[in-house]
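So the structure is just underneath, and the comments pick up after that.
The values are calculated or read from the model by the stated rules, or taken from the named source; none is laboratory data. Note that this is a predicted model, so its numbers are computed, not measured. Quick reminder, even Gly has a Cβ in these numbers, built from the backbone with ideal geometry, and neighbours come from all protein chains shown.
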Amino acid sequence: MTVLLAVVADLHCNSTVGLCPPGFVKDSGDGILLSPVGAALWKSWLDYWKRIGKLKAKHQCECWVVVNGDACDMNTHGGAGLRSHVRADVPKMAAETLEAAAGVIDRVFVVRGTEAHSGGEGEMEESLAADIGATGNDAMGTSSWWHLPIDVGGVRFSIAHHPQTAGWMPHTKRMAALRQSNIVALDAEEHNTLPADVYIRSHTHYFAKTPPGMRPMVVYTPPWQLATAFSHRKGHNDYVDPPGGLWFLCVDGAIAEWDVIRYWPKRRAYWTASSE
């Protein structure tokens with residue numbers, strides 16, 4: 001069996017620096033005009049799905065998609081960075097964002113993210129999952145998942161939004177993936193179970209992975225949200241990780257190929273007196 005798995009995370013639909021379809025109409029009837037940065041982010045989103053579509057056609061296989069948390073954003077930390085303050089707008093915006101992948105998706109899963117963004121118990125992501133007909137968690141009777149253990153073409157994935165460890169410095173990002181690999185391996189040993197083949201985690205807003213050959217394999221996903229006021233307060237400034245997503249081609253119990261697709265933004269030019 002051959003399955004193409006695409007994983008995207010941290011879409012932060014409704015954030016002014018997250019994903020939003022051009023011309024999205026709010027509950028009030030007002031349309032949203034994207035900034036140049038928002039338009040560029042949307043262009044990258046469309047390109048990502050175009051490339052996933054080409055991979056699907058090349059390998060003539062099904063494409064399963066996982067939206068790994070924080071697809072919706074009603075940031076309770078403050079409202080200055082939001083496009084709408086009407087909760088009903090947010091899952092609708094996320095659903096219309098995912099319509100860009102409608103011609104590619106054969107099956108979609110929605111994982112719940114951070115409650116400060118997506119509401120208590122991940123309510124908005126549950127609403128989103130129900131709206132788009134996502135494959136749900138039958139054991140819990142929900143349309144979305146906190147943790148998604150999934151067999152993709154014979155490859156076992158453990159997918160969840162939050163990692164157990166992180167490191168936001170250039171020299172600690174990879175070490176976080178290494179630590180996470182050790183954590184899940186020791187946890188499996190303690191519970192006398194086999195670890196998954198691949199662990200995918202998000203939330204950190206940076207891409208990192210364990211070295212080739214290390215098992216279990218751990219990958220942290222890049223985000224689809226650009227620098228927020230919080231990012232600047234943390235001192236990241238121009239060094240926010242570029243947006244993008246993952247893909248894995250799983251064939252008869254093995255990963256034949258996998259990669260990350262990222263979109264590196266142009267660095268802002270230095271201001272000079274001649275800029276005026």
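Odds and ends about this structure:
Table: residues versus (1) among the polar types (S, T, N, Q); (2) touching a His at 6+ places or on another chain (Cβ under 6 Å).
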residue	(1), (2)
ALA9	no, no
SER15	yes, no
LYS43	no, no
ILE52	no, no
LEU55	no, no
ASP70	no, yes
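- Candidates ALA177, ALA185, ALA130, filtered to the one that is buried (at least 20 other Cβ atoms within 10 Å of the Cβ) and at pLDDT 95 or above: ALA177
- The condition of being surrounded by fewer than 21 Cβ atoms within 10 Å (Cβ to Cβ) and at negative phi holds for only one of ASP73, ASP106, ASP89, that being ASP106.
- Residue within the stretch 37-46 that is more than 26 Å from ILE150 (Cα to Cα), basic (Lys, Arg) and either at pLDDT 95 or above or in contact with a Lys or Arg (Cβ under 9 Å, 6 or more places away or on another chain) (or both) present: yes
- Flag for LEU194 being under 18 Å from ILE261 (Cα atoms), assigned to a loop (DSSP other than H, G, I, E, B) and of a type in the set (A, V, I, L, M, F, W, C): no
- Test for HIS171: is it at pLDDT 95 or above and in a loop (DSSP other than H, G, I, E, B): no
- Note on the stretch 238-263: residues that are among the hydrophobic types (A, V, I, L, M, F, W, C), over 13 Å from the mean Cα position of the chain (by Cα) and modelled with pLDDT of 90 or more amount to 8.
- Which listed residue, of ASP47, ASP151, is of a type in the set (Asp, Glu) and not in a strand (DSSP E or B): ASP47
- Matching entry among SER158, SER127 (being in contact (Cβ under 8 Å) with a residue 12 or more places away in the chain and not in a strand (DSSP E or B)): SER127
- Tally, over the stretch 112-158, of residues that are of a type in the set (D, E, K, R), touching a helix residue (DSSP H, G or I) at 6+ places or on another chain (Cβ under 8 Å) and within 18 Å of TYR199 (Cα to Cα): 1
- Check on GLU276, surrounded by fewer than 13 Cβ atoms within 10 Å (Cβ to Cβ) and at pLDDT 85 or above: no
- Selection within the stretch 79-102 - assigned to a loop (DSSP other than H, G, I, E, B) and either touching an Asp or Glu at 6+ places or on another chain (Cβ under 6 Å) or in contact (Cβ under 8 Å) with a residue 24 or more places away in the chain (or both): ALA80, GLY81, ARG83, SER84, VAL86, ARG87, ALA88
- For THR228, the conditions (1) under 25 Å from ARG87 (Cβ atoms); (2) in contact with a strand residue (DSSP E or B) (Cβ under 8 Å, 6 or more places away or on another chain); (3) surrounded by fewer than 20 Cβ atoms within 10 Å (Cβ to Cβ); (4) of a type in the set (Val, Ile, Thr) all hold with the exception of (3).
- Residue within the stretch 191-202 that is modelled with pLDDT of 95 or more, among the β-branched types (Val, Ile, Thr) and within 18 Å of the chain's Cα centre (by Cα) present: yes
- Counted residues, the stretch 21-44 - those being in contact with a Ser or Thr (Cβ under 7 Å, 6 or more places away or on another chain) and surrounded by 19 or more Cβ atoms within 10 Å (Cβ to Cβ): 1
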